[in-house]
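The values are calculated or read from the model by the stated rules, or taken from the named source; none is laboratory data. Please read all numbers here as calculations on a predicted model, not as lab measurements. Note that we place each Cβ from the backbone using ideal geometry, even for glycine, and neighbour counts take in every protein chain shown. Heavy atoms of the whole protein, side chains included, go into the accessibility calculation; ligands, DNA and RNA do not. Shrake-Rupley method; radii C 1.70, N 1.55, O 1.52, S 1.80 Å.
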Amino acid sequence: FFEQYSDKAKEILNMILDKYAVYGLRKDDDINTLLKLPPISEQGNIIEIAKEFGGIENLRKALDELQLLLFAA
């Protein structure tokens, strides 16, 4: 899963995983709220973060896939 992303995108995904580890994972987690939490928010605003994934739709797809993989585990 991670190999398809740039180093910066992988770093952001790892930060998101850390948040899930601390606070838990819910299917209704909002992408906007999640990306506003430090240290993720320190990587830029949602537009800047989305650029690391090739756009907002690809960012949403990556987060959906990440959640799917976590729920399947």
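Note down all Cβ pairs under 9 Å where the first residue falls in segment 44-67 and is open to solvent by 30 Å² or more (accessible area, probe 1.4 Å), the second is of a type in the set (S, T, N, Q) and at pLDDT below 95, and they're at least six residues apart or on different chains.
Close Cβ pairs (under 9 Å, with a partner that is of a type in the set (S, T, N, Q) and at pLDDT below 95) amount to Ile46/Asn32.
Under the condition of being open to solvent by 40 Å² or more (accessible area, probe 1.4 Å) and in contact (Cβ under 8 Å) with a residue 40 or more places away in the chain, which residue from segment 1-42 is nearest to Asp64 (Cα to Cα)?
Result: Lys27.
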